[in-house]
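The values are calculated or read from the model by the stated rules, or taken from the named source; none is laboratory data. From a predicted model like this one, the values you see are computed outputs, not experimental measurements. Please note: Cβ atoms are built from the backbone with ideal geometry, for glycine as well, and neighbour counts cover all protein chains shown. Accessible surface is based on the protein model in full, side chains and every heavy atom, while ligands, DNA and RNA are left aside. Shrake-Rupley method; radii C 1.70, N 1.55, O 1.52, S 1.80 Å.
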Amino acid sequence: MEQFFIVGGNKLNGEVQIDSAKNSLLPIMACSILIEGQVRIERVVGYSDVFAMIDILENLGSKVYWEKDDLIIDNSSLSSNEVPNELASPLRSSIFCLGPILARLGSVKIAYPGGCDIGLRPIDLHLSGARNLGAKVVEKNGYIYARKEKMQAKDIALSFASVGATENLMMLATCIEGETRIINCAKEPEIVDLANFINKAGGRVCGAGTDVVSIQGGKKLHSLSFRPITDRIEAGTFLIAGAMTGGEIVVKGANPQQNQELLSKLIKSACKIKCENDTIILTRNGKLKSFGEIETGVYPAFPTDLQSQMTALSSISDGYSLIIENIFESRNKHIGQLKKMGADLISRNGIVIAKGQKHLFGADVSAGDLRGGASLVLAGLVAQGYTTIDNICYIDRGYKNIEEKFTALGGDIKRVKVEKEINNQCM
Ligand code: EPZ
């Protein structure tokens, strides 16, 4: 089993280059199913979820290969419309294949998705949206069976601005003649990126990034080369790390517009932020102060994917902080682990009150999900003494070689192999 071994106390200084956004790459890879030809996705990062999505595509009959950092996906001839449980259950984004397979092949058999255990993560909005557009959808024996019947472009209102449901329905709607509008859709930058991908492939999507996205469907999409946006959550994670350790961190390839909520909270925490085009420079002036409160919500509210990292920051920020998690009902596995490191946190029903401590202390902790695992890395980088983190496969889902990036910034973190198998959730 692999662990991170971290010795805390070093300041972080230097430049870090942000990778392509995991939550853009995955829907775009699924969307390539719509295209009977070659798709080149530039600067693809080897997140473990990307490899899991490649497995799904190859099982459908895709030819997938790398050219340096570019991923070439050729879906000229697909031989299957199935996503079996062993390929669907390791990741949430497997469900993003439902719409494209149904659109392209007319029917799909797909197992339920998995993903980080941060809540129930239902898919009712994906399925009700597909039914609304005319598909016949049946759930049986752990699988979803869907097939095109009388497909009809129309207005669909989402009861919640679900990112995945918006993406799935955008992709399904591309095959339906006429205008489909998704009302109360998600507005994340990754939605805009998917719309840009579809438009570059010859589709017609308007309004992405607003509350109503319109898809003019019926036209076949064609081959293309596409460069996804960079990962605002990775950028945020490194900025929070710099705020915690002190020093000067230069985050390259970051779009300040996409992290406005975070930047305002870091400034409140006594950090100095300088933005130049696609670079954000953070230095911390003196003691960390409480950022007050954060409340997660749909974009452009504070992102749920930075909540765990901000909880780690609040553990060493002078004073009390309030963290309210509104998106996922159990995005809290990091709380108990941070408390093992000396954090003073009270957590009830998605609300956390943090009382900042002078120090955290190194401990043996376990990652329970992707972003919670990242928060433990940040805590280990500032804790007195050493910290080991188990189950780092969760962290590898959304950060490529995070330990190498932190080492390059002066952090003392290593990936080590250990024999112990207890509590090993990374098979
Ligand atoms: C995407 O997940 C991201 N994953 C998540 O990132 C991110 O946290 C989330 O959007 C919110 O921004 C990918 O893009 C691969 P949702 P998704 O559908 O699509 C409820 C990370 O750390 N809901 O917007 O699953 C759901 O229960 C990951 O990178 C329904 O009720 O998010 C949750 O409470 C974690 N019914 C809320 O909506 C549905 O049919 C948000 O879910 C779908 C969702």
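For LYS220 and ASP364, a Förster radius of 51 Å and the Cβ-Cβ distance give a FRET efficiency of 0.40, rounded to the nearest 0.05.
Reported to the nearest whole Å, the Cα centre-to-centre distance from the range 209-223 to the range 141-174 is 13. Dividing the convex hull volume of the alpha carbon atoms of the range 211-253 by its residue count gives 102 Å³ per residue.
A Förster radius of 22 Å, combined with the Cβ-Cβ distance separating GLU36 from GLU67, puts the computed FRET efficiency at roughly 0.60. For the range 238-305, the share of accessible area belonging to carbon and sulfur comes to 49 percent (1.4 Å probe, ligands and nucleic acids excluded).
May I ask which of LYS358/LYS400; LYS140/LYS219; LYS252/LYS287 have a Cα-Cα span longer than 27 Å here? Those over the limit are LYS358/LYS400; LYS140/LYS219. I want the antiparallel fraction of DSSP beta bridges within the range 197-328, as a percent rounded to 5. Antiparallel bridges: around 70 percent, rounded to the nearest 5. For the range 190-274, calculate the relative contact order in percent as a whole number, restricting contacts to Cα pairs under 8 Å that are 6 or more residues apart. The normalised contact order for the range 190-274 reaches 19 percent.
Count Lys and Arg as plus one, Asp and Glu as minus one, and take only other residues whose Cβ is under 11 Å from that of LEU57; the net charge is then -2.
Near ASN75, once Lys and Arg are set to +1 and Asp and Glu to -1 for all other residues with Cβ below 9 Å from its Cβ, the sum equals 0. Counting charges near GLY368 (Lys, Arg +1; Asp, Glu -1) among other residues having Cβ under 9 Å from its Cβ returns a value of -1.
Per-residue ellipticity at 222 nm from helix content only, as computed over the chain with -39500 (n - 2.57) for each DSSP H run of at least four residues, stands at -8500 deg cm²/dmol. Evaluate E = 1/(1 + (r/R0)^6) for THR283 and SER159, where r is the Cβ-Cβ distance and R0 equals 45 Å; express this FRET efficiency to the nearest 0.05. According to the calculation, E is roughly 0.55.
List the chymotrypsin sites (Phe, Trp or Tyr not before Pro) in the range 1-110 that DSSP assigns to loop (not H, G, I, E or B) and whose Cβ has at most 11 other Cβ atoms within 10 Å. Which are they?
Passing both the DSSP loop test and the Cβ count: no residue.
Here the dipole of the chain is about 540 debye; that uses its Cα centre as origin and unit charges on the Cβ of Lys and Arg (positive) and Asp and Glu (negative). Put a plus charge on the Cβ of each Lys and Arg, a minus charge on the Cβ of each Asp and Glu, and nothing anywhere else: the dipole of the range 22-225 about its Cα centre is then about 600 debye. The angle between the Cα long axis of helix 189-200 and the longest principal axis of the Cα atoms of the chain comes to about 30 degrees, rounded to the nearest 10.
Considering only trypsin sites (Lys or Arg not before Pro) in DSSP loops that have at most 14 other Cβ atoms within 10 Å, the longest stretch of the chain without any of them is 69-149.
Between ASN23, CYS175, PRO256, the Cα set farthest toward the positive side of the dipole of the chain (charges on each charged residue's Cβ, about the Cα centre) is that of PRO256. Working note: Cα gyration tensor of the range 29-141, eigenvalues times five, square-rooted, sorted largest first, giving semi-axes of 24, 18, 12 Å. In the chain the longest region clear of GluC sites (Glu not before Pro) that are loop-assigned by DSSP and have at most 14 other C-beta atoms within 10 Å covers 178-328. Between helix 22-31 and the chain there is an angle of about 10 degrees, using the helix long axis and the longest principal axis of the Cα atoms.
If you take the charge dipole of the chain about its Cα centre, with +1 on Lys and Arg Cβ and -1 on Asp and Glu Cβ, which of ASN391, ALA235, GLY297 is farthest toward its positive end? My answer, from the dipole projection, is GLY297.
Per residue, the chain exposes 39 Å² of accessible surface when a 1.4 Å probe is rolled over the protein heavy atoms with every protein chain present. For the chain, relative contact order (Cα pairs under 8 Å, six or more residues apart, normalised by length) works out to 20 percent. The angle between the Cα long axis of helix 370-382 and the longest principal axis of the Cα atoms of the chain comes to about 20 degrees, rounded to the nearest 10.
Taking 7 Å steps out from each Cα toward its Cβ at GLU295 and SER80 produces label points 4.6 nm apart.
With the simple spin-label model, which puts each label point 7 Å out from Cα in the Cβ direction, the ARG348 to VAL418 separation comes to 3.4 nm. The residue list ILE73, SER330, TYR320 was ranked by how far each Cα lies along the charge dipole of the chain toward its positive end, using unit charges on Cβ atoms, and TYR320 comes out on top. Along its first, second and third principal axes, ordered by size, the range 127-218 spans 35, 26, 20 Å in Cα coordinates.
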